[in-house]
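Undergrad: Got a structure for you, written out below as C-alpha cells; questions coming shortly.
Please treat every number below as a calculation from the coordinates, not as lab data. Computed from a predicted structure; not experimentally measured. A quick note on method: Cβ atoms are made from the backbone with ideal geometry, for glycine too, and the neighbour counts reach across all protein chains shown.
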Amino acid sequence: MIIDKELTDYSSQDDVFSINLTSFDVYLRYHSWERGMTIERQDSMNWVQEYDDPDIPLLKLYDYYHQIDMDSPVHQYIQKIPVQVREHVSKFDYLQTSLLQCVSRSQRALEMLYESPVLLWIIANHLNGKPYSVKQLACFIT
C-alpha cells in the first residue's frame, strides 16, 4: 500500500505524522516515538485515541519514499525511530504499528524484539484493539 504524500503531513514542532484518507473518511494522527507512537482518530470534530492497529505499513512507506522523496512526511516521521528497530519490525507486514508501540513503550519489549520477535508479535496481536498501560505490557513480557 502506497499512500500519496499529498494525503500526509508531518509537524516537526509537535513530532506528529497525519494521514487524511478523505475518500474513506479516515483521519489519523501518529504521535512521536518518545510518546509511545499513540494514534488518534478524528471522530466528528474531536480526536480520540485509536487502539486498533490501522494496518498501514509505515515502514514499507518509509522504504518507498526513502528511494524517491526523502522530504516526504512519512520519511521525516519514521527516520526518528531507531534504525535497528525499523529493520526488525519491517520484517512483519501486519501489526507494524502495534509492534512499534510496544517497543517504544518498554525496554523489555525492545529486548524481546531482538531475542524473540515472533513472541513479541503474538503479544502485540493480543493487545491490538485494547487500551493497555506500560505496567500491563510488562506483565505480558516478563
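Undergrad: Quick one: Kirkwood hydrodynamic radius for segment 72-126, alpha-carbon pairs, angstrom, one decimal?
TA: So the Kirkwood estimate lands at 11.3 Å.
Undergrad: May I pose another question? Which ³J(HN,Hα) values, rounded to whole Hz and listed in residue order, are derived for segment 74-79 from phi using the Karplus coefficients 6.51, -1.76 and 1.60 in 6.51 cos²θ - 1.76 cosθ + 1.60 with θ = phi - 60°, glycine and proline given as x?
TA: Once θ is set to phi - 60°, the couplings for segment 74-79 become 5, 5, 4, 6, 5, 4 Hz.
Undergrad: While we're on this one: Put a dot 7 Å past each Cα toward the Cβ at THR142 and SER12; how far apart are the dots in nm?
TA: 4.1 nm
Undergrad: Tabulate in residue order the Karplus-calculated ³J(HN,Hα) for segment 90-104, using 6.51 cos²θ - 1.76 cosθ + 1.60 with θ = phi - 60°, rounded to whole Hz; enter x for Gly and Pro.
TA: Listing the rounded values in order: 5, 5, 9, 8, 9, 6, 4, 5, 4, 4, 4, 5, 4, 5, 6 Hz.
Undergrad: Shifting gears a bit: Can you give the percent of C-alpha pairs in the chain whose distance is more than 25 Å?
TA: For the chain, the fraction of Cα-Cα distances above 25 Å is 23 percent.
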